[in-house]
1. Restricting to the stretch 41-72, and then to whatever is under 18 Å from Ile96 (Cβ atoms) and among the hydroxyl-bearing types (Ser, Thr, Tyr), can you tell me which residue is farthest from the chain's Cα centre (by Cα)?
2. Which condition from (1) under 12 Å from the mean Cα position of the chain (by Cα); (2) in contact (Cβ under 8 Å) with a residue 24 or more places away in the chain; (3) farther than 21 Å from Ile188 by Cβ is the one that Ile99 breaks?
3. Here's a check for you: in the stretch 63-83, which residue that is assigned to a loop (DSSP other than H, G, I, E, B) and aromatic (Phe, Trp, Tyr) is modelled with the lowest pLDDT?
4. Kindly list the number of the only condition in (1) farther than 14 Å from Leu61 by Cβ; (2) in contact with a His (Cβ under 9 Å, 6 or more places away or on another chain) that fails for Leu94.
5. For the stretch 39-48, state whether one or more residues are touching a strand residue (DSSP E or B) at 6+ places or on another chain (Cβ under 7 Å), under 30 Å from Ser126 (Cβ atoms), open to solvent by less than 20 Å² (accessible area, probe 1.4 Å) and of a type outside the set (S, T, N, Q).
6. Consider Phe37 carefully, then state whether it is of a type in the set (Phe, Trp, Tyr), closer than 21 Å to Asn146 by Cβ and more than 15 Å from the chain's Cα centre (by Cα).
7. In the stretch 14-45, how many residues are part of a helix (DSSP H, G or I), of a type in the set (Ser, Thr, Tyr) and free of Cβ contacts under 8 Å to residues at least 60 places away in the same chain?
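The values are calculated or read from the model by the stated rules, or taken from the named source; none is laboratory data. Everything quoted here is computed from the prediction, not taken from an experiment. We place every Cβ from the backbone using ideal geometry, glycine too, and count neighbours over all the protein chains shown. We work out accessible area using only protein heavy atoms, side chains counted, and drop any ligands, DNA or RNA first. Shrake-Rupley method; radii C 1.70, N 1.55, O 1.52, S 1.80 Å.
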Amino acid sequence: MEKILKIDEIPKLMQVEGKIKKIYYKSFNEIINSSDFKFTKRGKRPPIDRLNSLISFSNSLIYSIVLREIYATHLDPRIGYLHSTNFRRFSLNLDIAEIFKPIIGDRTIFSVINKNIIGVKDFEKSLNRIFLNDKGKRKFIEFLENRLNETVKLRKIGRNVSYRTLIRMELYKLEKHFLEDEVYEPLIMEW
C-alpha cells in the first residue's frame, strides 16, 4: 500500500498491480476445492489449463458487460485512464472491469467449480489450447447472469442493488467526476 500511494506513473502502478495479481491468483488454490482446478501460473494466450481457460472466458465476459453499460452513459469507451488509450480500441471497459473481475467474475468461477456446476467434461483441448466447450460456456454464462442479478445492500444509499447496477453506478460516479460535480471514490465492498 505504501508503494502504491507514492507511485505517480501509470506504467509503474500497473507493474505493482501485476505483482499483486500474482499473489492473488495463488490464493485461488485456497478457495477452490477441486484437484481438477489447481492454479500454477497465469497463462492467457492460449490458456494453459482449465482454470486459466475459465479466468480468460470470465474476463472477456466482464469486459463485454462493462462495455454494454458504458454505452448507457455519456462516457467514451475508447478513452481510458489506466489502460492505454487507443482510438481504434476500447480501454475504459478494461479499466472499470478491473474493479468487477474479482467481485463478479472470480466469485462466479469459485462457485461453478466448488458447486460442481462446471467440471472436466466441460472443456476441450485443441492445438495446445484448453477452452470451455459450448455446454460449459452456457453453464458459466447462465451462472454469471444470475450473479449479475443478485443484489447487495449498499449502506451509503440504504438499499439493495444488483451487481449489474453497481457497474452502472460506478460509471455514473466517473461521469460526475469528469464533469467536476464530485470527486471519484472507487467502489469498496462493504458486504
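1. Per the stated criteria, the residue is Tyr71.
2. If we test Ile99 against (1) under 12 Å from the mean Cα position of the chain (by Cα); (2) in contact (Cβ under 8 Å) with a residue 24 or more places away in the chain; (3) farther than 21 Å from Ile188 by Cβ, just (3) comes out false.
3. The qualifying residue modelled with the lowest pLDDT is Tyr81.
4. That leaves (1) as the condition not met.
5. yes
6. Here the answer is yes, as Phe37 does meet what is asked.
7. 1
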